[in-house]
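No value in this document is a laboratory result; all are computed from the given coordinates. This is a predicted model, so every value here is computed, not measured. Note that we place each Cβ from the backbone using ideal geometry, even for glycine, and neighbour counts take in every protein chain shown.
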Amino acid sequence: MIALLILIAVPFCWLGMVLAISFLETPLKFRAPGVSTALGVAIGRIVFKALNSVEGIFAVAVLVALLLAPHPQPILGAGALVAAAALLALQVFLWRPLMAKRTRGLAEAAATDTRQRADASTSTAPHLLYIGSELLKVVALLVAGVATVMGVLS
């Protein structure tokens, strides 16, 4: 029973955190008065490290719950949870390290007022890939949560 509750509650909590931080807090912080690009990037590093840590706990919880659930879970929901966990791993172990290189360059450029040189020397591709994987993760978490609830109700 606890495994089933985890499979219902955690994907929706995880979804809410991703939506709130990735798609609300992140773009808004750069619009706040007095927040420079360097400060916004520094805040972002801290926030996303914390978010990804909590997401890792959520991923482990749902994957363990999938193994311990009393009856087979809908294949769509289980697959979506595995996809969300895989996307998180991709973000943490591939995209974030690549983004760190660019954000370090932006921070250094802001300190020396040479932003154009930093922007020209590094790619925005990892950031775009991270955003794309966030969008896919949102869909996966929504599908997982809804599929699990529908499976319970049927």
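The ranking of Leu88, Leu81, Leu39 from fewest to most other beta carbons within 10 Å of each one's beta carbon is Leu39, Leu88, Leu81. Projecting label points 7 angstrom from Cα along Cα→Cβ for Arg45 and Arg104 puts them 0.9 nm apart.
Give the order of Lys29, Lys49 when sorted by the count of other beta carbons within 10 angstrom, beginning with the fewest. List each step's numbers first, then the result.
On the way: Lys29 15, Lys49 11.
In increasing order of surrounding Cβ atoms, one gets Lys49, Lys29.
Taking 0.36 nm per residue of separation and subtracting the Cα-Cα distance, full extension of the segment from Ala20 to Ala86 would add 21.7 nm.
Per-residue ellipticity at 222 nm, computed for the chain from helices alone with -39500 (n - 2.57) per DSSP H run of at least four residues, works out to -27000 deg cm²/dmol. Distance between the modelled labels on Ser123 and Ile75, one decimal in nanometres: 3.6 nm (7 Å Cα→Cβ projection). Each of Glu55, Glu134, Glu25 has some number of other Cβ atoms within 10 Å of its Cβ, and from fewest to most they run Glu25, Glu134, Glu55.
For Ile2 and Val35, compute 0.36 nm times the residue count separating them, minus their Cα-Cα distance, and round to one decimal in nm.
Numbers: separation 33, 0.36 × 33 = 11.88 nm, distance 4.33 nm.
Separation in residues times 0.36 nm, less the Cα-Cα distance, equals 7.5 nm.
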